[in-house]
Amino acid sequence: MNVPNIVNVPNIASNTPLWLALLTTFVAAVSGALIGRTPGRVKYDIVGVTLFAFLLGLGGGIARDVLLGNLPPLALSSPWYVVSVLGAVAVVLVIGRWIPVDGWIFILLDALALGLYGVIAAQMALDFKLPDVGAIAVGILAAIAGGVLVALLRGETPEILRPSQPYAILVLIGVTIFVLLDGYSAGIAAFLCVASVIGLRFATLHWDIRTRAIRPIERDQGGTSGDM
């Protein structure tokens, strides 16, 4: 049951300023382009770097809209989103080697993008009358979709599937907070979602918190399940 908004706080999930949406896209696209320029098993050309930027910059929003049947995707309905991605690629090509991806400003903007992708997708899912669990799932998928696609194209296991700094878990916590509090104050719920993702991101970095591998099932070395 929805309850009237008890505090007059703007809901950035349903009324995201265009500048903030474009900043989110730009930061995520910079991260994607930097991944393309990071030394690894394969060196990528301009197409590869640009593709990674598009996947991280626009992949989450496109995945969200496809899941909800909101077509054509919003990210492709305005030219400014594509311009933001191309601008991010240009920045990385020119000064990418001097961008401190481990600096607190970049980490802050990256966590902001993660939280915004999650909360905006969850809000839209609620607007499409999905149940709370479905809205949480859409929020998580939108936040992690771009990173998963980039990792797969690089021939890597996505970081969210192996022991590492938590990402999907942070989005899960933030989006759950939003969905649970949305009926009381959508504006405060959206703010707390983004703030929790940012705060937890810095906390996991400060204390080097990582997920742990699940102990594998030990097989009987004396035979197989097919033995009679």
FRET efficiency, 1/(1 + (r/R0)^6) with R0 25 Å, evaluated for ASP208 and ARG97 via beta carbons:
0.45
So if R0 is 35 Å, what FRET efficiency would SER78 and ILE217 give, r being the distance between their Cβ atoms, rounded to the nearest 0.05?
0.10
Work out the FRET efficiency for GLU156 and TRP104 from their Cβ-Cβ distance, taking R0 = 25 Å, and round it to the nearest 0.05.
0.45
Ordering of 100-113, 58-71, 22-35 by packing [mean C-beta count within 10 Å, highest first]:
22-35, 58-71, 100-113
Give me the number: length gained by fully extending SER164 to ASN15, i.e. 0.36 nm times residue separation minus the C-alpha to C-alpha distance, one decimal in nm.
50.3 nm
Which one, [x] 1.26; [y] 1.11; [z] 0.99, gives Cα Rg over 2.2 N^0.38 Å as derived from the coordinates shown?
[y]
Cα centre as origin, Lys/Arg/Asp/Glu Cβ charges: region 24-155 dipole, Debye
380
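Computed from the coordinates by the stated procedures, all read-outs in this text should not be read as laboratory data. Only a predicted model underlies this, so the values are computations on that prediction, with no experimental measurement involved. FYI the Cβ positions are ideal-geometry reconstructions off the backbone, even for glycines, and counts take in every protein chain you see.
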